[in-house]
Amino acid sequence: MGFEEQRFNVNLSILFTELPLLERPAAAAAAGFTAVELWWPWIDSPTPERSELDALKQAIEDAGVQLTGLNFYAGRLPGPDRGALSLPGEESERFRANIDVAADFAQSLGCTALNALYGNRVDGVAPAEQDALALENLTLAARAASRIGAVLLIEALNRPESPLYPLVGAPAAVKVVDQVNEATGLGNAKFLMDLYHLSMNGEDLPSVIERYASKTGHVQIADNPGRGAPGTGTLPLEELLDQLKKSGYDGWVGLEYKPGDRPSAEAFDWLPR
C-alpha cells in the first residue's frame, strides 16, 4: 500500500512552530494538508479568554482545514510536564476546569478526538493515590468526550524522555483504557498509538499493532532515532502503517515529528503528493 494510502494530518504544536499559532493552520493548508491536530495551545491557562478561543477557531476555519485532534490541558508541554490529571491539588483542578472548555472548543470545529495525558509521578504521593485520581478525572473526560461524539485518547510515552510518566508501554496505556471504559460503560476510551514513543521503549511494534489495533483511536508517527521525518531514522514506518491498515485501523495518522534545521514547510519531501 505505502504512504500514499494513508490519511495524514499535521500536529501544529511541533511542526510550523516557527510561526505564530494563528498562522499555522494556513501554513499547513499551503503545504497540502486538509487536517491538523494540536496540543492544548495555552500552556498557562486551562480556561483562556473567549477571544483567544474564537481567534484560533477562526484561523482554522479560514485555512479550510479540519481539526481532528486536541489535547486537554496538560501543564507545560512542551516542557517538564506530561499532563495534569493525576496530580493532586491545583493541577488536577486545572484539568477539571479545562474539560468542558476543551470539549466545547473541539465540538465547535467538528473535532472528535481528545487526548488526555496522564501526568508524571509526584514525590511524596503514593502511586495508587495518583491512579485513583487519574481514573476519576479520566471518567469525567470520557463523559465530556461522549457528550460531543468524541473518543478519549490515552497515550503511552517513552521512558528515556519521560522517566516519571507511568504509562510508558502499550500494555500500561491500554490497561487504563480498559479501566476507563469499565468505569463509564461508554466504550469511548481508546489507545493513542505513537510509534515513535513505543520504539523508544524498545517495544516490538508489529506485535503491538497485532494486539492493540482494535483498541486504537489514533496513531502518531516520527522516525527514530531523532524524532524526525520518516526516512531520517531507521523505523520501517511505511510497513508499520500498512500493517495497521490491514489490521482495521482507518483513522488519521498524525505527523508529530521535528522538522530539523529547516522550515517546517520543507519537512514533507518524503510524502507522496
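I'd like the full set of residues that are within 21 Å of ALA144 (Cα to Cα) and buried (at least 22 other Cβ atoms within 10 Å of the Cβ), limited to region 160-175. I'd like the intermediate steps shown before the answer.
Of the residues in region 160-175, the ones within 21 Å of ALA144 (Cα to Cα) are 173-175.
Within region 160-175, ALA173, VAL174 qualify.
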Item to complete: Check GLN220 against each of (1) farther than 16 Å from PHE8 by Cβ; (2) under 19 Å from the mean Cα position of the chain (by Cα) and name the one condition it does not meet.
Response: (1)
Worksheet entry | Single residue of GLY69, GLY75 found to be over 18 Å from LEU15 (Cα atoms) and surrounded by 14 or more Cβ atoms within 10 Å (Cβ to Cβ) | GLY75
Item to complete: Within region 14-38, work out how many residues are touching a residue at least 40 places away in the same chain (Cβ under 8 Å) and buried (at least 18 other Cβ atoms within 10 Å of the Cβ).
Response: 7
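Give the number of residues within region 106-133 that are part of a helix (DSSP H, G or I), open to solvent by 10 Å² or more (accessible area, probe 1.4 Å) and of a type outside the set (S, T, N, Q). Outline the logic, then answer.
Start the filter on region 106-133 by keeping residues that are part of a helix (DSSP H, G or I), which leaves 106-108, 127-133.
Those still in the list that are open to solvent by 10 Å² or more (accessible area, probe 1.4 Å) too: 107-108, 127-129, 131-133.
From what is left, the residues that are of a type outside the set (S, T, N, Q) are 127-129, 131-133.
Counting residues in region 106-133 that are part of a helix (DSSP H, G or I), open to solvent by 10 Å² or more (accessible area, probe 1.4 Å) and of a type outside the set (S, T, N, Q) gives 6.
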Response to the item:
Exception for PHE72 within (1) within 25 Å of ASN158 (Cα to Cα); (2) over 17 Å from the mean Cα position of the chain (by Cα) falls at (2)
Practice prompt. Taking GLY149 as meeting all but one of (1) open to solvent by 40 Å² or more (accessible area, probe 1.4 Å); (2) of a type in the set (Gly, Ala, Ser); (3) in contact (Cβ under 8 Å) with a residue 24 or more places away in the chain; (4) farther than 23 Å from ASP250 by Cα, write down the number of the exception.
Written response: (4)
Worksheet item: Taking region 171-222 on its own, how many of its residues are under 22 Å from LEU70 (Cα atoms) and in a loop (DSSP other than H, G, I, E, B)?
Response: 4
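The values are calculated or read from the model by the stated rules, or taken from the named source; none is laboratory data. These numbers come from a predicted model, not from an experiment. Neighbour counts run over all protein chains shown; Cβ positions are idealised from the backbone, glycine included. Surface areas here come from the heavy atoms of the whole protein model, side chains and all, with no ligands, DNA or RNA. Shrake-Rupley method; radii C 1.70, N 1.55, O 1.52, S 1.80 Å.
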